[in-house]
Structures are given as C-alpha cells and as structure tokens.
1. Just check segment A:158-206 against the gyration tensor rule for me: Cα atoms, a ≥ b ≥ c as the square roots of the eigenvalues, rounded for a/c under 1.5, and otherwise prolate or oblate depending on whether a/b exceeds b/c.
2. Please compute, over every Cα-Cα pair in segment C:180-247, the percentage with a separation greater than 19 angstrom.
3. In Å, what is the Rg of the alpha-carbon atoms in segment B:221-307, and how long is Dmax?
4. What is the distance, in nm, between label points placed 7 Å from the Cα along the Cα-to-Cβ direction at residue B:108 and at residue B:314?
5. Take every Cα pair under 8 Å in segment A:66-289 that's 6+ residues apart, average their separations, divide by the length, and report that relative contact order as a whole percent.
6. How big is segment A:165-294 by Rg and Dmax over its Cα atoms, in Å?
7. If you average the sequence gap of Cα pairs under 8 Å that are 6 or more apart and divide by the length of segment C:8-62, what percent do you get for the contact order?
8. Along each of the three principal axes of the Cα atoms of chain C, give the extent in whole Å, ordering the values from largest to smallest.
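Read-outs throughout are calculated quantities, based only on the coordinates presented, and are distinct from any laboratory measurement. What you are looking at is a predicted structure, and each value in this text was computed from that prediction instead of being measured. Here the Cβ is made from the backbone with ideal geometry for all residues, glycine too, and neighbour counts use every protein chain on show.
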C-alpha cells in the first residue's frame with residue numbers, strides 16, 4: 001500500500017508526522033552541538049560579535065588547566081563512590097523488601113520520595129542539616145566528627161555530596177532492582193533451596209546473574225547522573241569550601257560564565273561529553289556481554 | 001531658582017513624552033543584595049510618579065558576581081535597561097552602554113569618572129554609591145574595654161586593642177569569611193595602597209600578569225597579611241572560621257558581642273537592626289604596619305563602588321529614555337534623593353544632593369569625616385572577573401589555616417600570571 | 001517471592017527484625033524532611049539556637065512571608081504551564097515521529113532514528129553555551145514557549161526511543177485493515193495507535209514530568225525575568241537574595257516540595273510502574 005502513494009503525499013506525511021519533531025530536535029540539539037564544536041576552534045569571548053579561528057588553542061588552554069583536571073578527578077572519585085554506594089544501598093533495600101516483609105509497598109513508596117524532589121531543593125535541605133542540625137547534635141553528644149559543619153571542610157563536604165546523592169537516587173534504583181528481583185522465577189530459588197543452597201549462594205549464583213539487566217540500567221543511570229550533577233553541587237556546597245568541591249559541570253559553567261573563557265569552557269564540555277559517552281557505552285557494552293539469557 | 005524651574009520643566013516634559021507611549025517597562029539589575037527590598041520600594045515610588053514607566057528590580061544571587069549575571073543576560077538577549085555594576089566591569093560592557101557624557105548630572109557629580117571613561121572621553125555609567133570599608137567598631141564595647149579607636153594606627157596598637165577587649169569579657173572581632181569580602185575588600189586595601197590611583201592600578205596589574213611584580217615582596221601585602229594574622233588570632237569564629245554566615249556578623253557586632261567587624265558601610269541596614277545605640281559605630285582603618293605616621297594607616301578606602309550603565313543594544317529608544325529619566329529622577333527629584341539617602345542609606349556622588357539622612361547612619365558619617373579630613377584611600381575595583389572567587393578561595397584557605405603565607409603569596413601571584 | 005521452608009516462628013521473628021530495621025532506615029531517610037518542616041515553624045533565632053527541639057510556639061508567619069516573597073503562586077503556575085505544555089507536546093510529537101520512523105523504513109528514517117538515540121548521551125553542558133549564543137542572538141530567549149520548545153527538543157530522543165520499541169510490536173495489519181476500511185492516516189494514528197500506546201505514554205509522561213518540573217539549569221539560563229520563573233528557580237533566587245531568615249527559607253523549601261509530594265501520594269503506583277518500564281527499555 002505504502003509503495004503506491006504519490007511522492008507528494010509521502011513528503012506530506014513525513015512533514016506532518018516526523019517533521020515537527022525532527023525540526024525541533026535538529027534546531028535544539030544537533031545544531032547547537034555542532035556549533036559548539038565549531039566554537040571551540042574560535043576565540044569567541046562571549047560578548048563580541050566577531051571571532052577568529054584559533055585552531056586547538058582552546059583545547060590546549062582547557063586541557064592544560066590544572067583546575068580542570070582537579071575537578072575531573074574529583075568528579076571521577078565522586079562518581080565511582082556514588083555509583084557503588086547508591087547501587088549497594090538500593091540493592092540491599094530491594095533485597096530486603098522482596099524477602100517477605102510486611103508493608104513493603106509503604107516502604108517502597110517511602111524510600112523513593114527523595115528522588116521526587118529536585119536537586120536544588122534537596123541541596124538546600126541538606127545544607128541546613130549539615131550546617132545547623134548536625135553540629136548541634138554533635139556538640140550536644142560530644143561527637144567531634146559532627147561538631148563542625150561538614151560543609152566547611154573539603155573532605156567532609158565531598159562525603160556530604162556523596163551522602164545526599166545516595167539518599168536521592170537509592171530509592172529510584174531500588175525500585176528498578178525490586179522489579180528485577182521480582183522477576184526471578186521462584187521455582188529456580190526453590191529448587192536451589194532443595195539442593196541445600198544457602199541464601200548467600202542463591203544470591204551469588206542465581207539472583208545476581210539474572211538481574212544483570214537491572215544492574216546495567218542502574219549503573220548507566222547513576223553514572224550519567226553523577227557525572228552531570230550540577231543542581232545539587234550548586235545548592236549544597238556551591239563548589240566550596242574554597243572551591244574544593246567544584247565538580248566538572250560546575251567547572252564548565254564557571255569557566256564559561258565566571259571567568260569569561262567561553263572557548264575553553266566549551267572545549268571542556270566537549271571533552272566531558274567524550275568521557276561520559278565513553279564510560280557509559282563501555283559500561284553497557286561490557287555489561288551486556290556477560291548477560292545471561294533466560 | 002531658574003535652574004529648578006528648568007529641571008522641573010524638563011521633568012514635566014519628559015513625563016509628557018513618556019505618557020505618550022504605552023507603559024514602558026524597564027529593568028534595573030541590582031547587584032547590591034542588601035538593598036534589594038529597599039530598591040523594590042524605590043521602584044514603586046518611581047513608577048507611581050512617572051506616568052507610563054514601570055521599573056522592575058532584578059536581583060542577582062549572592063553567590064554570583066555582577067559580571068557573571070550581566071554576561072548571562074546579554075548572552076541570552078535579556079539585557080536589563082539599567083545595570084548596576086562594579087567599576088571594573090563597566091569598561092567590559094562599554095560597547096553595549098549608552099554614552100552619558102552629556103547628561104546633566106555629570107557636572108553635579110563629585111566623581112571624576114576615571115574608572116568609567118573610554119579613551120574617547122565617553123562616560124559609560126552613572127555613579128550610584130559612595131562607599132567605604134574598614135574595621136567597624138562598636139563604641140560601647142570599646143569604651144568598656146578602655147580602647148580609644150582614634151589612637152589605633154599600627155598593627156601593634158590594634159593587637160593591644162583586641163587584648164583589652166578580650167580582657168573585658170567580649171570577643172575582639174568577627175571575620176566574615178566570604179570570598180568576596182576577603183579578596184575584593186580586605187586584600188583591596190593592599191592593592192589600593194600599592195596602586196594609589198587608576199593608572200597605578202593598571203600598571204600594577206600589568207606587572208602582576210607579566211610576573212614582574214611579586215606580592216610576597218610588596219610591603220603593603222605583607223603588612224596587611226601580618227595584620228590579618230593578628231585578626232585571625234582573636235577571631236571570635238576561629239574554631240570554625242568558614243562556618244560563620246554573613247548574617248551572624250552584624251548580629252554579633254550590633255549586640256556588642258564583638259568589638260570589631262571588617263566590612264563596608266553597606267552593612268549598616270543589617271547592623272542597625274541589631275543595634276541598641278543607633279549612633280554607636282564608626283570606622284577605623286586597617287593598619288598595614290607598625291609605623292604610626294604611615295599615611296595608609298590613617299585612611300580608609302572610599303570611592304564610587306557601583307555604577308549604573310544604560311544598555312543601548314537590546315533596549316528600545318523608549319526604554320533608554322526611560323532609564324535616563326530614572327537616573328535624573330534620582331539626582332534631581334525630592335523623592336529620588338530621598339530614595340538614595342534615606343530608603344537605601346546611600347551616600348550619593350552628587351554635590352547638589354543636600355539631604356541629610358533622617359535616620360542615623362553612623363557609618364556614612366564616619367566616611368564623610370574621613371573624606372573631609374582627606375584621609376581616604378583610592379577605591380580599587382579589581383579588573384579580573386573571577387578574582388573574588390579564586391583569590392577569595394585562597395584567602396579562605398589561609399583563614400582556615402589550610403595553607404601558609406608562602407603558599408598564599410604563590411597562589412595570588414599565579415592567579416595573575418594565568419589571567420588574560 | 002520465595003516461600004520459606006523453615007518453620008513459622010523463626011520466620012516471623014526474622015520478618016519482624018527486618019521490618020524493624022527497615023523502619024529505622026525509613027526514619028533516617030525521612031529525617032531531613034522532618035527537620036526542615038519542624039524548623040520552618042520556628043522563628044529565625046530559635047532555628048539557629050535550637051534546631052532539633054520542637055518549636056516553642058508555631059510560627060506561621062514564615063510561610064506567609066515566603067509565600068509572598070517567592071511569588072509562590074506565580075512560580076507554581078509557571079511550572080505547571082511549562083511542564084504540562086512540554087510533556088503534552090513531547091508525547092504527541094514523539095509518538096507521531098516514532099510511528100513514522102517505524103512504518104517507513106528508509107535510509108533517512110533509520111539515520112534519523114540512530115542520530116536521536118545517539119543524542120541521548122550528549123550532556124546538557126556540551127550544548128548550553130552554544131544554545132544560549134544562538135537563541136540569544138536572535139532574541140528568542142526569556143520566553144516560556146521557547147523553553148517548552150527546547151524541552152521538546154531535549155525530550156524527544158528518549159521518548160521516541162521508548163515509543164519506537166513499543167510501536168514495532170503493533171502488527172501492521174491492524175493499521176492496514178483500518179485503511180482498507182477507509183480510515184485516513186491521521187484517524188488511524190489517533191484512533192487506533194495512540195490508545196494502544198497508553199502504557200508507554202504513561203511512562204514518558206511520568207519520567208518527563210519529574211524531569212521538567214524539577215529542572216533548574218536550563219530554565220535559569222533561559223527564563224530571565226522574575227515573572228516567568230519556575231518553582232525551582234524561584235526557590236533558588238529566594239534563597240540567595242533574602243538570606244536573612246532561616247525559618248522563612250525553610251518554609252519556602254517546604255512549599256516547593258509539597259506539590260510534588262501531593263501528586264506522588266495520588267499517583268504513586270503509576271509513578272513507580274513508569275520508572276520500571278522506562279528502565280527496562
């Protein structure tokens with residue numbers, strides 16, 4: 001049927017159905033992305049209307065900037081810790097919730113709640129907790145670890161970011177893990193029990209391999225979110241104390257908008273894109289290779 | 001008499017011409033967060049008095065620099081009609097601002113406009129505020145401790161004062177750990193003393209960028225940081241210096257819980273809300289050495305701290321005219337002058353404004369006294385948009401004891417060497 | 001769930017312990033929220049002096065002040081309009097586009113589809129600067145509808161990806177039969193395909209609402225006058241501008257969180273289902 005339609009009609013259909021979306025997508029994502037790459041080879045300073053071609057200079061400035069590497073390394077550490085902790089907590093919660101507990105629906109809904117709130121608000125909530133509530137508790141109970149605000153020390157501020165990230169995303173990942181765990185066929189587990197397998201063995205040999213798709217998805221999502229974090233960074237620590245928790249997204253933003261170095265800023269962003277794309281794709285690829293088919 | 005009539009006629013004419021258009025909507029980007037609420041009131045008064053113009057005040061985040069805010073607005077096509085900027089930022093937007101050299105208020109101003117003049121003599125902005133900063137002291141606290149503020153002209157004398165205050169049962173001072181306060185204002189004293197004027201500043205900065213100047217060998221920087229060491233020792237917040245919030249400081253000084261607080265006169269609105277004696281405060285200079293006769297130990301930096309530029313690129317001619325009318329209104333109309341002096345507690349940069357504040361403003365008075373005695377230092381507006389953030393971070397590390405003095409010098413030098 | 005082979009008593013004890021443990025964790029999770037609500041009812045001085053203690057007297061003034069100063073209703077309205085318009089547009093346009101891409105396998109459509117899928121990986125930061133430059137220079141920023149337009153562009157790839165997978169499974173014969181019966185293309189799409197896509201639409205709606213409602217960075221760069229601020233923007237600027245009163249600030253946080261929590265309480269099942277469906281794809 002489709003083959004016999006007139007060309008005009010086919011073009012018409014294309015424009016009506018796919019046209020708007022394609023147009024908008026191109027103009028909002030493709031064009032700026034390509035233009036962004038173009039910009040990294042010019043010396044645009046954000047204000048002037050003319051710019052000159054400068055080759056790889058922006059990349060040189062960006063990639064030779066120690067602050068950029070400090071920030072990237074910091075983000076990497078943050079992402080690794082964040083991804084593993086989030087997934088560990090999420091899986092742990094999911095495991096307990098699917099092992100026959102009362103009111104699991106209530107808990108499931110409850111643990112998910114932090115994820116509903118946007119990063120900005122979450123950051124402010126925890127900023128209050130870390131700078132006002134914990135110090136009070138710490139001083140009252142004599143716990144030196146909590147006597148001062150965690151946000152005024154670089155190491156503690158780093159962990160503050162991690163904690164809030166885990167808190168924010170563990171519920172979300174937990175929900176995905178629950179779905180994965182629930183789909184593990186009961187018969188397999190029963191059969192294993194009959195054979196005398198303990199919980200730990202069941203976990204390692206049956207459950208974990210079978211929920212691999214969930215694991216891949218969760219890792220993918222948490223890696224993406226950790227690398228791109230900005231809202232939380234802004235409201236919780238604002239890169240402080242003394243710029244020690246400036247993660248890479250904030251660094252890109254500041255290079256461009258604070259230090260007025262738009263070319264290097266965009267170069268950093270492009271580099272970041274390659275890093276994130278590489279890590280995500282690698283993670284999915286290696287994950288899928290080991291996937292167990294049902 | 002005639003002048004007033006002419007002004008009145010001009011105002012009426014301009015009002016007429018504006019009422020001819022439908023409501024012209026103009027915006028003012030406010031980079032003085034502490035007067036946000038006051039400016040909104042001023043905007044209401046102005047809009048009510050000016051038929052056909054509505055003025056909206058746009059705030060800026062406390063953590064964002066004026067430069068950041070305005071560049072983003074220009075980049076996204078949303079430039080405000082009026083932009084309140086630091087002097088150093090005005091030249092960066094010069095090609096976008098209206099030339100105001102022929103405005104009436106230029107001649108009535110006490111400012112020399114050096115910071116905002118282009119090479120061709122165009123004046124790019126309106127001087128909004130005259131401000132100063134230094135060590136604000138609480139008269140009652142000092143009196144009780146037996147300290148005479150007028151006699152503190154050396155670092156040693158300052159330390160002695162701190163000790164006396166401490167002995168009287170009160171903390172000596174509170175240091176606000178904000179990056180902008182430490183880098184732009186506190187360190188500003190050292191830049192000011194080294195530079196002496198705008199030309200001197202430009203050459204000093206050029207030397208720093210080229211690596212010809214080294215702050216560790218600069219007497220002003222060394223002396224200032226020596227004083228800072230003394231301040232750190234007696235800082236009420238020294239157990240966790242970076243956890244002190246900006247709001248705590250005026251509360252502590254106002255309530256007499258500390259004797260000194262380094263800040264500018266813009267802290268007055270916050271301070272007055274905590275002060276029992278509305279007249280009980282003043283400024284003393286930050287001493288840079290132990291030589292009492294050094295000029296710099298007697299003066300505080302005073303200057304025009306905020307200028308307002310009018311955008312000519314993204315605002316219509318009607319909006320530009322409305323913006324110019326607002327500036328005229330501030331200088332020449334009763335309610336405008338009242339807005340400056342009383343509502344916003346600003347020291348205006350205009351000779352013709354004779355209005356005295358109806359409510360006490362001891363910090364302004366202190367500044368006027370220094371101006372009268374010609375004991376003022378050049379007000380420095382640092383010509384690097386991220387100085388406050390990066391060098392501020394270094395100062396914070398130094399305040400918290402994370403780096404030593406050598407490292408601080410190195411970081412300041414490195415900052416300039418790596419800035420364009 | 002796996003059944004227990006062991007006797008009942010130990011199982012019950014184990015279950016009770018687990019429930020208790022979960023309860024403790026749950027309380028820990030909710031602790032920040034609780035603290036914020038608690039302190040939002042106190043006067044500023046009390047918040048600073050005794051953040052953990054219950055309020056000595058309930059101080060509603062914080063809420064009144066916050067409501068007024070952050071222009072809550074206006075911000076809420078903006079968020080509502082932008083989110084609804086964006087999500088509706090994304091669903092409609094993406095489903096139509098996905099349908100076309102599935103039913104018209106040409107080189108172009110395959111290329112388009114792959115480009116869109118690949119684009120899902122591009123981080124926003126790589127686009128934000130040039131995006132601002134392009135749209136700024138043609139004066140198109142500071143407009144709610146431009147923001148909606150951008151959300152469509154950013155949301156389309158993932159939505160199309162989801163729709164694509166779903167539509168592939170719908171038998172072609174269904175459509176062809178309808179066409180034989182005399183249905184026009186559009187009628188076929190709206191009357192037959194769209195209803196079948198309900199589950200995916202639900203997923204897309206949920207994920208996109210959560211994303212757009214809470215989004216901060218893009219609106220902060222695009223929406224610059226106060227009147228058009230969304231709720232996250234309003235909260236952020238409120239926090240930065242009026243840093244005087246902690247009680248008031250916390251009240252503003254509570255107010256920002258309430259709409260989402262309410263919506264969640266009503267549609268929690270759907271939301272969780274949506275998350276799962278989205279992840280599986």
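1. Oblate, because a/c is 1.5 or more while a/b does not exceed b/c.
2. 59
3. 14.4, 38
4. Using points 7 Å along Cα→Cβ, the separation is 3.1 nm.
5. Working: 247 pairs, mean separation 66.8, N = 224.
Averaging sequence separation for qualifying contacts and normalising by length gives 30 percent for segment A:66-289.
6. So, for segment A:165-294, Rg and Dmax equal 20.4, 68 Å respectively.
7. Relative contact order of segment C:8-62: 29 percent.
8. 74, 71, 34
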